[in-house]
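None of the figures in this text is laboratory data; all of them are computed from the coordinates on show. Bear in mind that the values here come from a model prediction, so they are computed numbers and not experimental data. Ideal geometry is used to build each Cβ from the backbone, glycine not excepted, and the neighbour counts take in all protein chains shown.
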Amino acid sequence: MIEFQVEGMSCQHCVGAVTKAIRSLDAGAHVDVDLDVGRVRVQSREGADRLGSAIVEAGYEVKGTRTIVDA
């Protein structure tokens, strides 16, 4: 799972835009957006660089990225 810290998201439209951008790369991606803390968690076969670029292209700023490994 990849976690992005994203700025500029404030509403459900933002959630939809980010989800759509990620799913344009991987239609089966699981996307979880937490507007309150500006976090987007993605389970995808795509890499963090491509996913982050998709979020930026959708109009949002990626401030940080980390990979979460399930134990």
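Computed per residue of the chain from DSSP H runs no shorter than four, each worth -39500 (n - 2.57), the mean residue ellipticity at 222 nm is -10500 deg cm²/dmol.
The mean sequence separation of alpha-carbon pairs under 8 Å and at least six residues apart, normalised by the residue count of the chain, gives a relative contact order of 49 percent. Among the GluC sites (Glu not before Pro) found in the chain, those both in a DSSP coil and sparsely packed, with 16 or fewer other Cβ atoms within 10 Å of their Cβ, are Glu46.
Lys and Arg at +1, Asp and Glu at -1: add these up for the other residues within a Cβ distance under 11 Å of Asp32 and post the number. Every neighbour counted, the sum reads 0. Compactness of the range 2-67, taken as the C-alpha radius of gyration over 2.2 N^0.38 Å, stands at 0.93.
The HN-Hα couplings worked out from phi for the range 8-24 by the Karplus form 6.51 cos²θ - 1.76 cosθ + 1.60 (θ = phi - 60°) are x, 8, 9, 8, 5, 4, 4, 4, x, 5, 5, 4, 4, 4, 5, 6, 5 Hz, whole numbers, x standing for Gly and Pro. In loop segments of the chain as defined by DSSP, the trypsin sites (Lys or Arg not before Pro) with at most 12 further C-beta atoms inside 10 Å of their C-beta are Arg45. As a calculated quantity, the FRET efficiency between Ser10 and Gln43 at R0 = 25 Å, using C-beta atoms, amounts to about 0.55.
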